[in-house]
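A short write-up of the structure that comes next.
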Amino acid sequence: MRTLLLLSLTPQLISPVNPANLTGDSGAILTDVHNRVEKRNKIDWERQVWGTVVPGKLGDLLPEGTQVGTGDRSWAQISWPKVTTRIWEETVVAIAPNKRIVHLLDGEMLFNLDKNHKVTENCEVWTKLLQARVHGTTFIVQSTSDFSRVSVLEGNLDVTNRLDNSVVS
């Protein structure tokens, strides 16, 4: 049922973000939060040590490696120049904004990329099972531990199956 609702969305449902408002080293910011949104930073990359979970607030800067999660009936919007993502309820993501990579650990996301961005600025979305390289488009990614799906609403992207390295455009 939730998937049917997502497919009826249009890109205009994601509010525009003024890139001038995106500051800090990462360039990523929480631009909208609804109900329970939490975040935690990575403390030690080598040992996979995470910081304390804290509430996410509107305007929070999201440094490299930050995890953002939403609860029941909650959502958040993460933006950086030319990329806006909406993470739906019960979703966990880790972002690498400096590398323009989003790791969808579990849940659903809606992406809207500026169609006029340079080819060298591609954004990538990774799940356990796939890797999508995005070329200015609007799409939805869904992922669980044993399932991943990409639904393109507008534009195009390249999807790599991480199990056998096959690619579909």
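The values are calculated or read from the model by the stated rules, or taken from the named source; none is laboratory data. Here the structure is a predicted model, which is why all the values come from computation and not from measurement. Positions of Cβ are generated from backbone atoms using ideal geometry, with glycine treated the same way; all protein chains shown enter the neighbour counts. The protein model used for the area step is the full one, side chains on, heavy atoms only, and it has no ligands, DNA or RNA in it. Shrake-Rupley method; radii C 1.70, N 1.55, O 1.52, S 1.80 Å.
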*Across the range 35-63, what is the total count of residues that are open to solvent by 90 Å² or more (accessible area, probe 1.4 Å), over 19 Å from residue 75 (Cα atoms) and assigned to a loop (DSSP other than H, G, I, E, B)?*
5
*asked:* Can you pull out every residue in the range 46-61 that is among the basic types (Lys, Arg) and more than 14 Å from residue 34 (Cβ to Cβ)?
replied: 47
*Working only within the range 127-169, note down all residues that are open to solvent by 60 Å² or more (accessible area, probe 1.4 Å) and under 17 Å from residue 104 (Cα atoms).*
128, 133, 145, 146, 147, 149, 152, 162, 163
